[in-house]
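Colleague: Take this structure, written in structure tokens, and hold onto it; I'll ask about it next.
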Amino acid sequence: MPTTKILAGLDRFYARLQDDLDLRQGLATPTHSPKVLFISCSDARLPVELIAQLDPGTLFVTRNVANIVPPYGTGQMGTGAVIEYAVLHLQVKHIVIVGHTDCGGIRALDEMPDWSQTPHLARWIENARPAKTKIDASGLPGADRHLATVRENVLLQLEHLRSYDPVRDGERSAAITLYGWVYHLETGMLEVYKPESDSWRPLLPNRQGATATKKCAG
């Protein structure tokens, strides 16, 4: 049985159904046409739809540990199926990869994976290993490495995205734009990677007021 909080939430949802009747009926049509694919972490503290404050049907979302996109041809097909469906069938215009601070998947890279107990997780997070290796070689202090690795992992997964022909072709033709974001759990700040300056900047600087930071040091 679901928890009491979930049941209470469902009760509030049904209580509001009448107010949202037009929206719900609109969703029950074959015209599902979100224009944005979000690839985010499974972490329960990263509610993409809540953060964006958008109605159902607006975003196409897939979530997994450490917001990973396995490179094309690795045999890990779930995320690849989402990408192909989003690009070729839904014809999304934007793809956003969202990482976050205090990411358990990224922290797991600091430990020796237990292949006997968690073989799927151990294999999965290897898709983020190059990000940690790069940051470890950068000479950053230990206290700065987690955030730097989270950011670098977002950039790594963007490169993995480009290993899929529909994404690569769409970006080349300007039909698709790719974005890298990091969400700071402790402040609610969202930052975006700016390739032209190789830096991370607040997505909404007037709201979040953080200073720009370089992608990595070293």
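The values are calculated or read from the model by the stated rules, or taken from the named source; none is laboratory data. What you are looking at is a predicted structure, and each value in this text was computed from that prediction instead of being measured. Every residue, glycine among them, receives a Cβ derived from its backbone with ideal geometry; neighbour counts consider all protein chains shown.
Colleague: Residues that are over 21 Å from residue 69 (Cα atoms): find the helices (runs of 4 or more DSSP H) completely inside region 102-218 holding 3 or more of those.
Modeller: Result: 142-161, 205-208.
Colleague: Given the options 141, 166, name the one that is surrounded by 14 or more Cβ atoms within 10 Å (Cβ to Cβ) and either acidic (Asp, Glu) or farther than 18 Å from residue 42 by Cα (or both).
Modeller: 166
Colleague: I'd like the full set of residues that are of a type outside the set (A, V, I, L, M, F, W, C), more than 18 Å from residue 39 (Cα to Cα) and buried (at least 20 other Cβ atoms within 10 Å of the Cβ), limited to region 100-137.
Modeller: Passing the criteria: only 132.
Colleague: Sticking with this one: Any chance region 77-87 includes a residue that's in contact (Cβ under 8 Å) with a residue 24 or more places away in the chain, surrounded by 13 or more Cβ atoms within 10 Å (Cβ to Cβ) and in a strand (DSSP E or B)?
Modeller: No, region 77-87 contains no residue that is in contact (Cβ under 8 Å) with a residue 24 or more places away in the chain, surrounded by 13 or more Cβ atoms within 10 Å (Cβ to Cβ) and in a strand (DSSP E or B).
Colleague: Yes or no: region 11-34 includes at least one residue that is touching a Phe, Trp or Tyr at 6+ places or on another chain (Cβ under 9 Å) and at pLDDT 80 or above.
Modeller: Within region 11-34 (the criterion being touching a Phe, Trp or Tyr at 6+ places or on another chain (Cβ under 9 Å) and at pLDDT 80 or above), the answer is yes, since at least one residue qualifies.
Colleague: Okay, next question. Do we have any residue at all in region 148-157 that's of a type in the set (Asp, Glu), in contact with a Pro (Cβ under 9 Å, 6 or more places away or on another chain) and exposed (fewer than 15 other Cβ atoms within 10 Å of the Cβ)?
Modeller: no
Colleague: Do we find that residue 92 is part of a helix (DSSP H, G or I), within 16 Å of residue 168 (Cβ to Cβ) and of a type outside the set (Gly, Ala, Ser) in this structure? Can you show your working first?
Modeller: Values: part of a helix (DSSP H, G or I): no; within 16 Å of residue 168 (Cβ to Cβ): yes; of a type outside the set (Gly, Ala, Ser): yes.
Answer is no for this residue.
Colleague: Moving on to the next point. Give the residue that is modelled with the highest pLDDT, with candidates limited to residues of region 49-69 that are part of a loop (DSSP other than H, G, I, E, B) and over 13 Å from the mean Cα position of the chain (by Cα).
Modeller: 58
Colleague: Which condition does residue 203 not pass, out of (1) surrounded by 17 or more Cβ atoms within 10 Å (Cβ to Cβ); (2) touching a Leu at 6+ places or on another chain (Cβ under 6 Å); (3) closer than 18 Å to residue 100 by Cβ, if it passes all the others?
Modeller: For residue 203, the exception is condition (1).
Colleague: Within region 75-87, does at least one residue satisfy the condition of being in contact with a Pro (Cβ under 9 Å, 6 or more places away or on another chain), modelled with pLDDT of 95 or more, within 25 Å of residue 146 (Cβ to Cβ) and not basic (Lys, Arg)?
Modeller: yes
Colleague: Further, regarding this structure: Could you grab the pairs with beta carbons closer than 8 Å, sequence gap of 6+ or different chains, first residue in region 146-167 and within 15 Å of residue 82 (Cβ to Cβ) and among the hydroxyl-bearing types (Ser, Thr, Tyr), second one surrounded by fewer than 24 Cβ atoms within 10 Å (Cβ to Cβ) and modelled with pLDDT under 95?
Modeller: Cβ pairs passing all conditions: 163/73.
Colleague: Can you report the number of residues in region 102-146 which are basic (Lys, Arg) and touching an Asp or Glu at 6+ places or on another chain (Cβ under 9 Å)?
Modeller: Residues that pass the stated criteria total 3.
Colleague: Shifting gears a bit: Taking the condition under 15 Å from the mean Cα position of the chain (by Cα) and of a type outside the set (Phe, Trp, Tyr), does residue 153 pass?
Modeller: Here the answer is yes, as residue 153 does meet what is asked.
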